[in-house]
Amino acid sequence: MENTQVTICACASRSFIDKERVAGIAAAMKKKGYHVIVEADLCRKVMEASPDMPDIAKGTILACHSRAIASHLNWLGLEVGRLVDIRSQDVHDILSQFDISLPEAENVDGKDEFQRIIGAFPFEEGVDAWYPVLDKTRCTECGKCHDFCLFGVYTVENKKVRVTLPQNCKNNCPACARMCPNKAIIFPKYEKSPINGGTEDEETFDPKDMDKMYRERLRMRLQERRVGVSLLKRDRK
């Protein structure tokens, strides 16, 4: 039997996804017989490992770029179900995947209800769930992200890199993603691809600049470590 659950991320605190479009798609799919739930921020639910994520993963997810959402689910150890990119596809392309015509979504009954739901979501400017996820199909476990990050977001366990403390990440800072040689680090809330999980290279980074940044960060970490050791020795005296 087909799983009719559909979860749509409204990305409430960012402007990447048009909220009126979300309401129209949600109402049209509900009318078609789908069980539709609109979430304020799917990134937050993943970060908090919400207990309903396994059920969400089994159904259809309409959210950011598919590579980003697949990496989210992989981080939680969940199998990827049906993913639909609502961020870069137009409404016609999205609805056609569910045999729904565009006119059905423009003036569909129930759109106002979903608009009210979305309008009631909190706007968390500067404090919403900003953190990296790893695309393990690209990650080579080189550990550069772990070496580069000053905030303890990453750990290396059994030679595998993990995002362990996502809440420690500095909001709107994608520096570690720029350092990644294989573009394996994704920040779904970033504006441009490939850092946001998109497939196009809207931003490119000079390898020499990346290496310079990496070496500078290692020097900073070494200096901090030396200061810490000096303070420890002083306290022991």
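Structure notes:
- Among I61, S101, T140 - extreme Cα towards positive end, dipole of the chain, charges at beta-carbon: T140
- Restraint check, K144/K208; K30/K189; K45/K144, Cα-Cα greater than 21 Å: K30/K189; K45/K144
- Here E106 and E191 are evaluated by their C-beta separation; at R0 = 35 Å the FRET efficiency comes out at 0.80.
- Full-stretch length increase - D209, S96 - with 0.36 nm per residue and alpha-carbon distance subtracted: 36.3 nm
- Converting phi to 3J(HN,Hα) with the Karplus coefficients 6.51, -1.76 and 1.60 and the offset θ = phi - 60°, the stretch 24-40 yields x, 5, 4, 5, 5, 6, 5, 5, 6, x, 7, 8, 9, 10, 9, 9, 5 Hz in sequence order, with x at every glycine or proline.
- Cα-centre dipole for the chain with unit charges at Cβ (Lys and Arg positive, Asp and Glu negative), debye to 20: 1880 debye
- Projecting the Cα atoms of M220, C11, P207 onto the charge dipole of the chain, computed from C-beta unit charges around the Cα centre, puts M220 farthest toward the positive end.
- Estimated Rh, the stretch 143-203: Kirkwood, alpha-carbon pairs, angstrom: 12.0 Å
- Pairs from the table (K58/K159; K160/K183; K58/K136; K19/K111) lying more than 22 angstrom apart at Cα are K58/K159.
- Peptides ranked, highest mean first, by Cβ atoms within 10 Å: ranges 82-92, 112-122: 82-92, 112-122
- Under a Gaussian network description of the chain, with springs only between Cα atoms under 10 Å, the residue in K58, K160, K30 that fluctuates furthest is K160.
- The slack in the chain from E79 to N182, taken as 0.36 nm per residue of separation less the alpha-carbon distance, amounts to 34.8 nm.
- Neighbourhood charge, 12 Å Cβ-Cβ cut-off, centred on K136 and excluding it, Lys, Arg +1 and Asp, Glu -1: +2
- Equivalent ellipsoid semi-axes - Cα gyration tensor, the stretch 1-131, angstrom: 22, 18, 13
- The magnitude of the dipole of the stretch 39-105, with charges of +1 and -1 set on the Cβ of Lys/Arg and Asp/Glu and taken from the Cα centre, is near 240 debye.
- 3J(HN,Hα) from dihedral phi, the stretch 51-64, Karplus parametrisation 6.51/-1.76/1.60, rounded to Hz, x for glycine, proline: x, 8, 4, x, 5, 4, 5, 6, x, 9, 10, 10, 7, 5
- Max mean-square fluctuation residue, GNM over the chain, Cα-Cα springs under 10 Å, options E191, E124, E106: E124
- Rounded accessible area per residue of the stretch 63-147, 1.4 Å, Å²: 52 Å²
- Under Stokes-Einstein, with the Kirkwood radius over Cα pairs as Rh, the value for the chain at 37 °C and 0.692 mPa s is 169 µm²/s.
- Magnitude of the charge dipole for the stretch 1-130, about its Cα centre and with charges confined to Cβ atoms of Lys, Arg (+1) and Asp, Glu (-1), is about 140 debye.
The values are calculated or read from the model by the stated rules, or taken from the named source; none is laboratory data. Since the structure is predicted, the reported quantities are computational estimates derived from the model, not experimental observations. Note that each Cβ is placed from the backbone with ideal geometry, even for glycine, and that neighbours are counted across all protein chains shown. Note: accessible area is taken over every heavy atom of the protein model, side chains too, but ligands, DNA and RNA are not part of it. Shrake-Rupley method; radii C 1.70, N 1.55, O 1.52, S 1.80 Å.
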